[in-house]
Each structure stands twice: as structure tokens, then as C-alpha cells.
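Please see the structure below; I have some questions.
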Amino acid sequence: MSASGTITRRAFAGGALALALTGKTFAQGFAGLGEHAEGFAAVTPGKPFIFPVDHGPHPEFRIEWWYVTANLSDAGGAAYGAQWTLFRQAMKPGGPSEGWANQQVWMGHAAVTSATTHRFSETFARGGVGQAGVEAPPFRAWIDAWEMQGLNDFDAQRVAPLELKASAADFSTALRLDADRALVLQGDHGYSRKSDRGQASYYYSQPFYKASGRIVIDDRPVDVTGVAWMDREWSSQPLAADQTGWDWFSLHLPGDEKLMLYRLRQKDGRENLFGNWITPDGRSAEIAASGNSITPTATAEIDGRKLPTSWRVALPARGLAIETTPVNPKAWMGTSFPYWEGPIRFTGSHAGIGYLEMTGY
Amino acid sequence: MRRPLWILAVLLSHWRRHPMQLATLLIGLISATALWSGVQALNQQARIAYDRAAATFGGSRTAMLVSKDSTTFPQQLFVDLRRAGWPVSPMLEGRVQIDGRSFRLLGVEPVTLPSEVGNAPAVGRGSLQAFVTPPGEMLVAGETLRDLGLKEGDRPQANGTSLPPLRVQAELAPGALVVDIGIAQDILKMPGQVARLLVGKSKAPHATLESVAGDKLRLVEPSAESDLERLTDSFHLNLTAFGLLSFFVGLFIVNSAIGLAFEQRLPMLRTLRACGVSARLLNTVLVIELVSLALVAGLIGLVCGYVIAAALLPDVAASLRGLYGAQIPGQLSLKPVWWFAGIAISILGALAAAAASLAKAIRMPVLATAQPQAWQQAQRRWLMFQSAAALAVFAVAAVLIQFGDSLIAGFAVLAALMLGAALILPMVLQIALALGQRSARAPVGIWFWADSRQQLSGLSLALMALLLALAVNVGVGTMVESFSRTFLVWLDGRLAADVYISAASDAQAKQIKAWLHDRPEVEAILPGGRADTQLGGAPIEVLGLPDHATYRDNWPLLESTANAWVRLRPGDTCLVSEQLSRRMKLAIGDHIEVPAPGGNWPLEIVGIYADYGNPKGQIAVNFAALTRRFPQTPQTRLGLRVAPDEIAPLITALQAKFGLDDRNVADQATMKRESKRVFNRTFSVTAALNAFTLGVAGIALLTSLLTLANSRLPQLAPLWAIGLTRRRLAALELLKTMAVALITALFALPLGLLVAWCLLAIVNVKAFGWRLPFHVFPLQLIELLAVAMAAALCAAALPVARLARMQPATLIRTFVNER
Amino acid sequence: MLRVTGLTKSYRSAGEDVAVLRGVDLTVATGESVALTGESGSGKSTLLHLIAGLDAADGGEIALADINVSGLNDAGRAELRRDRLGLVFQQFNLIPSLSVADNLVFQSRIAGRHDAAWHDELVERLGLKNLLRRYPEQLSGGQQQRVAIGRALAPKPLLLLADEPTGNLDEDTADEVLHLARDLVARTGCGFLMVTHSARLAATLDRQVNLHAGVIA
């Protein structure tokens, strides 16, 4: 699957969609995604974000996602993870058409993870007929029976409270997300640069969610509470052709500090580090690319692939030096476009929990 | 390793010295394998086609949601069901006419199409876009593209618009055009409508159907067997039965060739054993030899089978299309398993045919017991044994006739009859020849009969093959002829109107009717209509017949109450087709309830009519009653009574006035011609296989006589020595062969008539649902008798000619060589 | 080399056991040729068949060199015939579909003991050079028996067994064939045991043994 390659964070949305329908022609199709943006809107620095409108879709851009990960635990303290994701991809530029002629294609991913089990599911839909979509205001994102919607006293700045539901043959999740402070713009005031050649996305997060609800695995319900993190990102040309994959961390540090950090790997073996350090008051500062590092420390073999599931993260300027371990090393998303996504723990200078995503292995 | 090879070389040296025997053996194996695998290829080809049809986006292999009345419904139901967790994918289906030919247009939704639905279009990333965004793409099978005479990228015109550009998609069923659902809605002018929802196998929890769709939709469970498979079962069983018959006839040849070869090689085997070849090694090498020969013959047979199948395929395809509407591609495509199965059947057949000889070789003592076979005693024992076996098989047939109630049982009766007849044939011949011998006075005459009897054991297998081939020919010929005669009479009654019109719409039909009212030459306008419903879980047709003398006088009824036609008028009675009455065991006076849009329609049965060639059950009711009960019935079909001289001008006028073409308006003669053409093709395959079987039997006879010819010299030489000329001897030999062939053929005639009776009274009834009257056609029988004698003459001619020209020295040598 | 001791054999015939051999003792030394005579039904052919391993004895022992023949199963006896014995029969028993050349080499080939030089010498001595491409049916009786002797001796057996080898030949031919056989036996140094009813031919061998009523007289 390494051929799937040139991907920025989660930009595989479009690729996975293509794969679901093609199988083998994926690599070829995906490369196209990385390189052509003609006809679509461009991502430029200095965009003013307007909420709740920007919670809704931006069909003039090629791809977009609504991405929630939650670190949860049950009454006995056992750790769980939950993922709820909706991807949008436009097959061609131009204003949205009515009905089946609509060029938007949607893909949903959902997963739950415990120390011993990992369950996932995916589904696809075309836009224009109501099978999937996102609206704001009032905020509502859905595909088939999976849904994420703002509750009565929804606040657009906090993106809360939210109700989130997904169900599949062998698991389901139902969570309520609350936040007591505003969302955070990533990168440089929401402009997230992915390469030196102009690839970039608009990117904001809500990392301060408190989550509570119920997950069901094989008809066994577990009541859970914990923290959650939403990422919102859209772009038309989010990755450079020579970028092969990424390793992305969202970490809940002690004292309500948050860290978003990712490494983009290139074909020539070089890598670029990006990230934002978020203070409890919601201020977000970009991490410098030099002097900091993320390094694999252990690998696990899953589905015939070698994946680095344990890492050392060092940000000397911030006094951070931690070792991460997965809650379940087998958190493999064997979807049409497969990747690893699961809850992690970390210890060292800081201790806490978070989520790790690895693609392109 | 070299030792077995040396032994194999020694064994094979026999064939080098007896090439005719080898040829016989190979011909037998080749024809057995060829006919068997040819038929299998045809069946396989058809089955692949049914699979493709069944798997094409919601054939019967996939569970479906359809509306209660099988009409289209709003696509919002699809969205609602998806939102409730149902793994459904929408489909729209309709028909489009391209260049006057009708095609099935399927609209699918590739993104939600369940992955387990067979041959989903491999819409690529680029191609997904091309497929779903206007103008889209139209996927077709390669055959369809060829039929259309178009190439990829072309945009045919239909329904007043340009269809999407064509693209070939292998695995699609021929005749189907597949487009995106949105594009299908545009083409068919059904915006926002879907015809059914395919249900994927995903087990995600979902709300109940009723809570989402109310009572608008119902779930249709998938069936493992497609409708086409069910309908065409009998046809394929027929083919298979013929393949099997040919296979066994071929094995008869193999058996006789191997038997003779082993007999001749017994001294060689003894010498091998004496020279120190162990019994186990020798037996192993014997089996290896046989398997090698079977392998070679099997390969050649497969190639021949392929050729046969390719030659027959157009007729088979035409039959299946004519009878059942099944689309079979005209190009043979065979799976590897066919080749393996063909080779395997060749090897198994060879081993089965050689079983007796192999057992004899394995049990053979090294030391020969030098006493000569008392042939007469041995032959009598063998005859008694075979006759006993024949009687047992006949008993089985009798039991099957009494208690069997399926198509398989029907064929089993046939098989038992023929096997029994084959087994008892030597006894019949023995008795006939013994009678001949008793009536003979002259010494040469007595010798003639006695010697014929002695020849029996050598010839009997070939004669059995001839018997079977002839009997089947008589049987099938009689059946086809009976069917043909009945069918033509029936067709005359059924196609009673003079001109048939199929209007494009109800509106056009009204205009045509109005126009026809003013035409003096039109004696009567007979509207017709047909509705579909189901009875007892199976689909049936409801045919509307106007109350008119044309029907009362001509429409053929098999059984009816008094004044059935009058009783039909009020609309509370019906006629049922023979198939339906047999299938559902309905008789006159029975009551049925037919589901209709306004509720069940109770009907009393007042008559039963023949409806040959229709796989569906049918009932006929008064036309006015039909339109009351099924208001949606299209009233586009009209039959006209017209004075004969006026038919052609009227058709021309109709075509000019309403833009109708040959497909929309036809005279009676054209309709009859079409029907007969379909009918004839239906049996053309049967006839071809019939001819093949007879050919194989002829070869069996020829090879048996050739192999016998050499071993008969010791019997003939003394007669030559006492003064019979070679020419006279040859004539006697020919006469003998013809005599036994004649007796066999005469025995085959009643057997064949019995076979025909079985086909008409048991197999056809089970397979098609109709029973045909049994006729005997003496001319046909005489013709077959002549063919059989000609075959025997040809087969006997070569060895006899050799005898007539034989050098005296060769005859003398028989005395010298004899111990 | 061949030692037969106390050999017994009986056959069932018409519901009765008929003792054919009632304790036969016989030896044939290496290089020795022995004629086994006796009237019809004396059991001389049976004795030969038992020694050849074509049939199993009821009792007694047959030892050929170091091999206990009576202890062998069917496969073992086949191997013995193939590698250690040469057999010649009254009816020649050539394989009709093989040429003379193939008939000659056939036993030595399956025994894996083909010796080209010895084969050439056999062809030469048996005078078969011009007949190699013919088939058995194209040969006279004497010629056929010469081929049979050649086939039997081609693997250089320990013992040549012949059952009335000249029974189907006229006197002159018989003498000639036997002369050739004796020469070749002498040349190979193997033992030679011949069943014959002809005292005249028997007298030409080293030793004569007469079988009478199932025992050596």
C-alpha cells in the first residue's frame, strides 16, 4: 500500500473513495488528486473564519473532512478509543448540481478501540439526494444512519454541545461532546502549510471536548467518559506529489495543554515536522520545524505491514520529552484505503493520552 | 524407471501391429468424449449466461425491495432507508429502442451498489466521474456492442435523445445497457423514481421496513436458482441425456476394442510374466497404457467437442431465446474446469469400458490352461445372465412409470427401457437366428445361421449401439413429428385473426381503431390485452379474449364445459392453459382466486387450452372483464378480420398512416412463419445430436466387423477349402451382417415407438407441461430402417471386400498356423 | 547350484487331489546340463514350472545358488525369473508384435542386464543377423526357437530351463537348435535343465534323470 503514498494528513479521503470503487487503479487515481487543483478554489493565507458557516461544507474546494477522535474510559478505568469521520470529495469543479448530477461523494469512517478489540466500518454516498451531507446552521453532518449534530444550545464558537452516533454490524457508538472554551485555529491562523511548494489547507480544531456516552461492542454496552478532539480541514491541493505518508499525533497534555504534531514523510526519506502547541486559554503557537523530533521506537506487524506503533517525541524548546505506546497496537483501519488510527498513552516529561494516525505504510 | 517403460513399449507394440484396433479404440473414446464434452460446453455456456443475467445488478441472486404493486417509487424512500441503516442501493429499469430493437436499460448507483452484487461495474476514479456525470457512460457487453454494430464511444439515439457514449464492460449480460441511475431517470423520463432497491448483505442494525416505508415496499428474498435456470432445466436435461447416450454408445465401441485387444494380448501377457515381470508391475503398466491412450483420445475428443459445441451453439442459443427469452452469447467461452472434466470423463470412461478386461488380466494365471473355450456353453451362460439383467432393468422401468413423478424419473424410465432393450438384444437375436437355423435345409444355409449365432458375442456390443441409436432416432423423430403436426394445427386455430397490430401507446391504438372503423374491408376489430399477476407463488399471464365468433370457432380447447365461450362473458369464469392446469392440478369446475389491483378475482375454470411454447402459466378471460379488473392493462394489441385480398393493401395503408413498421403490424402468414421458425430451431439441436449418435453407432458396427473379420478366417477357410468361392463367401458374410442388422433394426422400431411414447407422455409433460397426442409415422419408420440398413451395408462392405479379394495363401495359412 | 529336496505338489482334479510330485530330489551343478525325462503325466513339466517359480510347491525345498525359491512370494519369484533364470517353451512364446531384435533384448532390458557385446555374440552364434527386423510370424519354427533361446540367455542367467524346446520341430532342426543351446550354455557356464520325452536328445546332455510316478527313478 506504500504506493498509495502522496498524502497529507487525512487527505486520503478522496483516495479512499476512489479505491472503494476501483480497487487496483487507486494509486494512479490518487496521484491525480495530489497534483491537479484547476477549477477548484485555492487555499491562501489570511482567510477570515466565520462560524457557524465554516462548520458547513466548502464545495468549491476539492476535499474536506469532519474528524472526531475520543479518548474514553469506563467505570473501571479501562481505556477505549472512538473515531467518527465524514469525508467529502468533489469529483470535478463547478457549482453543486441538483440530484444525482451532484459531483460530491461522501465517505464515512467509524471505529471503536479497546485494549483487546478494534472494530471499524465505512460507508459511501453521493451528494445531491440527501443520503449524506453537512449543514450549518443548524449544524448537522450525516451519512446513512451515522450522524453528528448540534444540540439545542449549540454554540458555534465552541462547536458544542454535539451528539454523535454511528453503528455497524459489530459495534456502535453514541457520544455527547461538551466544550467550555472556543475552537482553536491550527497552523498560521488557520492556514496550514504542508510543503514548500504551496500545498496547504484550512485547518481548525476543537481539542477541549469532554465526552460521555456509550459504546457497544458485540452487543455488550459500556458507559464511558473522557476527552475528545475535532479536526476540521479543507483544501483543493493538500499534498505534494513526493510526500508518501504521515504520522500524526493529537495529545492531551496535563493542565489542559494540547499538542497537535505531525511528520510528513517524503519519497527521498526526508521528513517535515509541523504542529501547534495550544495553551489552556486557547492560544495556538506553531512548532518550529527544526530542533524537534518524532522517532519510532518499536514496530508491530499488522496485516502484513510493519508499523511503528511506539514513538519518542522530543520538543526541547518546550521541555517535552515523552514516549508513546498504543492502547491497542492492532488499531488497523482495514477500510478501502487502509491506515492505522488509535488511542495512545504517553509518559516522560509529560504524561497523558491522545490519538495517533499513521498512513502510507 | 526404465523397466516400466520397456514393458509399456512391449504392450504398445501390439497396437503398432494392429492399427485398426487402435483406431477403433481411439475413435470410440474420441466420439464419447467429444459428444459428451460438446454438450457440456453448451450447457456450461448457457449456465454462464444465466449467471450473468442473474447477477446483473439485482437479478434474482440479490435480495430486493420492490413496491407492493411492482411499479416505480420515489427515490426519497431510498434515502429514508439508508438513513435508517438499510444497506440499499437504488435501481431503475426500463426499455429503450435502438434502431427498432428493444434493449433493457438498467440505471444503477455505483457508490452504494453492494459489493456482493455480481459483476458490479469496475468504475474507476476517473471512470466514476465519467460514469455518473452527464453525459455519463453506457456499459454494455461486447456482444451487445457487436449486435448494435457500433463501437466504443458511439452515442446511439433512443427515446428521442442521444444515449451516453458506449463502453464495453465484460461480464455484463448481453442485451443489457447499464447507466448511472440519474442518467437512466433522464432517459426514461422518470425523474426521482426508482424501480427497486438492492439490499446488501451488511448486518448493521436498521429500523424495520414498515417503520420507514410503511406498506409501500416489500422484501423479495434472493433465490439460489435463477428463473432462467428453472425454466431451462428441462432443455438442458434433454441435452445432457443426449450427451450421455452418445457417451455410452462411444463406450460400447471402446469396450469391444479393448476386449478384443486384451484377448489377443493374453499370450503376450503370459510371456511377460514368465520372463519375470511381476503381476503388480504388469497390471500397473496396463492401467498406465490405458490412461495414456485415454489422455490422447480425451484431448482430441475435447477439440472435437469444442467444434461440435461451436457448430450447435447458434441453434441452441436460438432455441433458448425463442423458448425462454434467455440470451446466450454466440461465442463459446469455456472454463478450465471443462477441459479437466473432459479429460477425466475420457479416462473414467476408458477405465469403465476396460474394467472387465483389466480384471481378467489381473486374475490371469501365469500358466495357460490350454483347454479351448467351449464357446457355445459360455455364450449361453452369458446370454442367460444378460437377459436376466434386462428383465430386472425392465422391472425398474415399470416401477418408475408407476411411481415416478419427476422429469428425472421420466428420463430414468427412458434409460432403463433402452438399457434393458440393449441387454436383451442378444437373446432376441439368438432366438431369431435359432428359428432361422431350424427352418434351413441346405448345409450352407444351416452353416449360415449357426455361424451367425457364433458371431453374436463379438458383434453384440456394436448391435446394441445400433439398437440404441435407432430407437432414439425413432423416438425423437416421432416426438418431433407429433409435436410439429399438433403445433401447426394448434397454430392455425390460435392465429385466427388475419392482421395483427401492436400500437405504440393506448392513444395510438385508439386512433388506429377509429380509423379502422371507417374501413369497409375490416370485418372485425378484436382488441387483445395481457396482464401479469401470480398464482400459487408463480407468475402467470392473464389473457383477455374479446367475445367474438373468431375465437369461439377457432380457438382450440382441449377440454371445456358446454357453451364455455358464453359462460366466459360475465367475467366470473376463465380458461386455463394446459401447463397451468397440470402444474397446479386444476380441472374444469375448480375455482381459483387471481390477485388483481382491486382485490382478488374469483374465477371458475370452464375450459383448458393448449399453450405450447409458453414457459409461463396462462389463464384466458373475457377481454372486457380483464380491463375492468386490471385497468392498467395496455390496450395496444389488435387483431383484425379482413377479406384475404384486402390484407396487403390494408397493412400498407396502416404503415403509411401511423408510421408502423413490420414489427408493429403483421399478417397471419408472417406470424405463423415466425412461430414455425422458432419451433424448428428448437428441435434442430436434438436432430443434430440424433444424427451424431447414429453416426457413432455406424462406426461401432464398422469397427466391430473389422476386428471380427480377421479372427473369422479360421471359420471361413474350411468352407473355402471345401469349394465355396471367395466371392460367394463374401456374399454370405455380407448377408449375415445384413440379417443381424435387420433383426436389430426391426427390434429397434417398437422400442423407438416406446421411447417416443415416454417422451410425449412422461418427459414432455414434466418438462414443458403439455402432453401431445401420439402419432405413428410409417414413412418415417421405413426411412430410418433404410438408413440403418445402409449404415450396416457401409460398415460391412469394407471387411467383406477384403475377404473377396483375399489371397488364397492367407486362407491357407490359417491351416498351417492352427495348433 | 540348483538343489531340489523332497518337493511335493498335488492338483485338484475332478474333486480329487492328485499327487503329481511325491518328494523329488534333484541337483544341477554349475555348468552341468541335465535332461529330465519321463512319460506323459509323470510330472516333469510341473517340476520345471516349480523350479521356474511359475507355480508354488506344496512341500519340500528349491534352492538356486543362495536363494530359497520356495520361500519367495509372487513378486520375488518374478524377480528370480527375470534376473536368474532363462525359460524356453515348446510353443516358443515370442511376443508377436515385437521384431526379432526387440524380442531378443526384451528380457535383458527389463532385467537391467543388457550387455551389448554378449548380445552381438548371441546374434552371431544363433545366426539371427539377417532376421533381426522380421516378426515372429515370418520365421520358421527353428528360427523362432533360436530367438527364444537367445532371449532366455541374454541376461546371462544362472540356469536355463527348457520345457520340450524341440517338441514342435522336426528332427534335424531339433538337433541343430539343441546343439546351439548346449554350445551357448557351455559358453556362459550356466546350468541347463531340459524336459524332453526324447531319449535320443536326452542322451546328448551330461546327465539324464528320469521322473516316474512323481519321484526321481
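Where a number appears in this text, it was derived from the coordinates with a stated rule and is not lab data. Quick caveat: nothing in here was measured; it's all calculated off a predicted structure. All Cβ positions, even for glycine, are placed from backbone atoms using ideal geometry, and neighbour counts span all protein chains on display.
Within a Cβ distance under 12 Å of C:ALA52, other residues only, what is the Lys/Arg minus Asp/Glu net charge?
Spelling it out: positives minus negatives among the neighbours equals +3.
Given points 7 Å out from each Cα along the Cα-Cβ axis, report the B:LEU351 to B:LEU735 separation in nanometres with one decimal.
Using points 7 Å along Cα→Cβ, the separation is 4.8 nm.
Once you order the gyration tensor axes a ≥ b ≥ c over the Cα atoms, which shape class does segment A:9-359 get: rounded for a/c under 1.5, otherwise prolate or oblate by comparing a/b with b/c?
Rounded is the answer for segment A:9-359, as its axis ratio a/c remains below 1.5.
Testing the spin-label approximation: label points 7 Å from Cα along Cα→Cβ at B:ILE722 and B:ALA23. State their distance in nm.
Taking the simple label geometry, B:ILE722 and B:ALA23 are separated by 3.4 nm.
Run through every distinct alpha carbon pair of chain B and return the Kirkwood hydrodynamic radius in angstroms, one decimal place.
Kirkwood radius, chain B: 31.3 Å.
Where both residues lie in segment B:62-222, what percent of DSSP beta bridges are antiparallel, nearest 5?
75 percent
For B:ARG569 and B:ALA514, what does the FRET efficiency come to when R0 = 25 Å and r is the distance between their Cβ atoms, rounded to the nearest 0.05?
Numbers: r = 25 Å, r/R0 = 1.01.
Working from the Cβ atoms, E equals 0.50.
Multiply the residue separation of B:GLN76 and B:ALA643 by 0.36 nm, subtract the distance between their alpha-carbon atoms, and state the gained length in nm to one decimal.
Here the segment from B:GLN76 to B:ALA643 would lengthen by 198.6 nm.
Another one. How many partner chain Cβ atoms sit within 10 Å of a residue's Cβ in peptide A:144-152, on average, as a whole number?
3
In angstroms, what radius of gyration and Dmax does the protein assembly as shown have, counting Cα atoms only?
45.5, 134
Want the number for B:CYS794 to B:ILE408: 0.36 nm per residue separation, take away the alpha-carbon distance, what's left?
So the chain would gain 135.3 nm between B:CYS794 and B:ILE408.
In deg cm²/dmol and to the nearest 500, what is the mean residue ellipticity at 222 nm of chain A if only DSSP H runs of at least 4 residues count, each as -39500 (n - 2.57), divided by the residue total?
Value at 222 nm, helices only, nearest 500: -1500 deg cm²/dmol.
Let me ask something else about it. Mind ranking C:64-74, B:634-644 by how tightly packed they are, going by the mean number of other C-beta atoms within 10 angstrom, highest first?
Top to bottom by mean Cβ count within 10 Å: B:634-644, C:64-74.
Further question: Once fully extended, how much extra length lies between C:HIS179 and C:ALA101, figured as 0.36 nm per residue of separation less the alpha-carbon to alpha-carbon distance?
Using 0.36 nm per residue and subtracting the Cα-Cα distance, I get 25.9 nm.
Let me see the pair-distance distribution of segment B:499-643: every alpha carbon pair, 10 Å bin width, integer percents in order.
11, 41, 34, 12, 1
Using the 10 angstrom Cβ neighbour count as an exposure proxy, how do C:CYS190, B:CYS304 rank, fewest first?
B:CYS304, C:CYS190
Another question about this same structure. If neighbour count is taken as other Cβ atoms inside 10 Å, put A:ILE217, A:ILE63, B:ILE48 in order from fewest to most. Walk me through the intermediate numbers first.
Values: A:ILE217 19, A:ILE63 26, B:ILE48 16.
Going from sparsest to densest Cβ surroundings: B:ILE48, A:ILE217, A:ILE63.
Moving to a separate point now. Given Cα pairs under 8 Å that are at least 6 residues apart, what percent is the relative contact order of chain B?
16 percent
Antiparallel versus total DSSP beta bridges in chain B: what percent is that, nearest 5?
Values: 54 of 73 bridges.
About 75 percent, rounded to the nearest 5.
Each residue of segment A:158-163 in turn: what ³J(HN,Hα) in whole Hz from Karplus with 6.51, -1.76, 1.60 and θ = phi - 60°, glycine and Pro shown as x?
Each residue of segment A:158-163 in turn: 8, 6, 7, x, 10, 10 Hz.
Given B:LYS616/B:LYS766; A:LYS194/A:LYS258; A:LYS165/A:LYS194, which pairs have Cα atoms separated by over 23 Å?
Pairs exceeding 23 Å: A:LYS165/A:LYS194.
Quote the convex hull volume per residue of segment B:62-222, based on C-alpha atoms, as a whole number of Å³. Each step should come with its number before you reach the end.
Details: hull volume 17.9 nm³, N = 161.
Taking only Cα atoms, segment B:62-222 has a hull volume of 111 Å³ per residue.
Any idea what the relative contact order of segment B:499-643 is, in percent, if you count C-alpha pairs under 8 Å spaced at least 6 apart?
With pairs under 8 Å counted, the relative contact order is 40 percent.
OK, next. Express the relative contact order of segment B:62-222 as a whole percentage, based on alpha carbon pairs under 8 Å and six or more residues apart in sequence.
Details: 328 pairs, mean separation 67.0, N = 161.
Relative contact order for segment B:62-222 comes out at 42 percent.
Hey, with R₀ at 30 Å, roughly what FRET efficiency would B:GLN97 and B:ALA669 work out to, going by the Cβ-Cβ distance, to 0.05?
About 0.75, to the nearest 0.05.
Please return the longest range in chain A lying between exposed loop sites, taking GluC sites (Glu not before Pro), DSSP loop only, at most 15 other beta-carbon atoms within 10 Å, and leaving the sites out.
Result for the longest clean stretch: A:99-361.
Taking the beta-carbon count within 10 Å as an exposure proxy, list A:PHE40, B:PHE658 from fewest neighbours to most.
Working: A:PHE40 20, B:PHE658 17.
Least to most surrounded, the residues fall as B:PHE658, A:PHE40.
Another question, if that's okay. Computed FRET efficiency, Cβ-Cβ of A:ARG214 and A:LYS306, R0 56 Å: what is it to the nearest 0.05?
0.95
Considering chain C as a Gaussian network with a 10 Å cut-off on Cα pairs, which listed residue, C:ALA19, C:ALA117, C:ALA162, attains the greatest mean-square fluctuation?
C:ALA117
Another question about this same structure. Rounded to the nearest 5, what is the percent of antiparallel bridges among the DSSP beta bridges in the protein assembly as shown?
Antiparallel bridges: around 85 percent, rounded to the nearest 5.
Over the whole of B:263-271, what's the average partner chain Cβ count within 10 Å per residue? Rounded to a whole number, please.
That works out to 4 on average.
Moving on to the next point. Among all the aspartates and glutamates, which ones have a C-alpha under 13 Å from B:LYS68's C-alpha, if same-chain residues fewer than 8 places away are not counted?
Filter leaves B:GLU210, B:ASP215.
How far apart, in nm, are the 7 Å Cα→Cβ label points at B:LEU558 and C:ASP172?
9.0 nm
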